1. If I model a spin label as a point 7 Å beyond the Cα along the Cα-Cβ vector, how far apart are those points for residue 113 and residue 42 in nm?
2. Shape of the range 103-169 from its Cα gyration tensor (a ≥ b ≥ c, root eigenvalues): rounded if a/c is under 1.5, otherwise prolate when a/b > b/c, or oblate?
3. Below 8 Å, C-alpha to C-alpha, sequence gap of six or more: please give me the relative contact order for the range 76-145 in percent.
4. Which Rg and Dmax, in Å, describe the Cα atoms of the range 42-168?
5. Would you mind calculating the relative contact order of the chain from Cα pairs under 8 angstrom and at least 6 residues apart, reporting the percent as a whole number?
6. Compute the label zone of residue 122 within the range 133-167: residues whose backbone N is under 14 Å from the point 7 Å along Cα-to-Cβ.
7. If we count every other residue with Cβ under 15 angstrom of residue 123's Cβ, Lys/Arg +1 and Asp/Glu -1, where does the sum land?
8. Name the residues of the range 106-128 whose amide N is less than 16 Å from a point 7 angstrom out from the Cα of residue 74 along the C-beta direction?
Amino acid sequence: MKKSFKKLLIGSVLASTAFSYSAANAVTVSNDAQVIIVAPLTVVANNDMDFGKVVKPTTSVTAIVSNGGILTGTADYVDNTGAAGTVDISGASTETVSISITDTTAVTGLSLSSFTGNFGGQALTGDSLTTASLTGGTDVFDIGATLTIDPTVVAGTHNPSYDVEVTYD
């Protein structure tokens with residue numbers, strides 16, 4: 001019993017020495033973190049897209065305005081003066097952004113599709129683009145689209161609509 005007690009006593013002295021030895025050799029290092037704060041993105045509608053004046057169709061037709069403002073398509077134009085839509089996109093210069101466009105038209109007989117545009121040297125593909133550079137902090141994005149006009153549309157002035165969503169990459 002005495003031998004067991006001695007072994008236990010020696011073991012606990014060695015263990016406490018080992019634990020205090022570890023604590024005595026603890027090392028602390030300080031490190032820094034970094035954050036870069038960039039200007040928030042802003043998107044401002046500048047000019048509305050204009051498909052001109054079109055005769056009410058008896059079958060579905062298309063009115064197409066390019067992002068350069070040129071009208072084409074199968075519609076019967078009364079006035080073929082068109083205009084691309086434009087939005088101003090502002091943010092941190094030299095950062096890249098993604099842009100997507102969605103038709104939000106709520107007019108029976110009208111729908112927008114096949115959006116076109118060029119921003120930061122990149123062409124819009126499939127109604128979106130990625131990694132487009134903001135060159136000067138504020139850049140203009142010219143937008144064209146295809147307007148499908150069904151014979152169910154009522155004669156009058158209509159405002160088909162679309163959303164432009166811009167996010168930092």
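1. Placing both labels 7 Å beyond Cα along the Cβ direction yields 3.6 nm.
2. Details: a/c = 3.03, a/b = 2.66, b/c = 1.14.
It is prolate, given that a/c is not under 1.5 and a/b is the larger ratio.
3. Details: 117 pairs, mean separation 31.8, N = 70.
Once normalised by length, the contact order is 45 percent.
4. 15.2, 49
5. Numbers: 360 pairs, mean separation 43.0, N = 169.
Across the chain, relative contact order equals 25 percent.
6. The answer is 133-135, 165-167.
7. Here the count lands on -3.
8. Output list for this probe position: 110-114.
The numbers here are math on the coordinates, done by the rules we state, and not lab data. Just so you know, these numbers come straight off a predicted model, no measurement behind them. We place every Cβ from the backbone using ideal geometry, glycine too, and count neighbours over all the protein chains shown.
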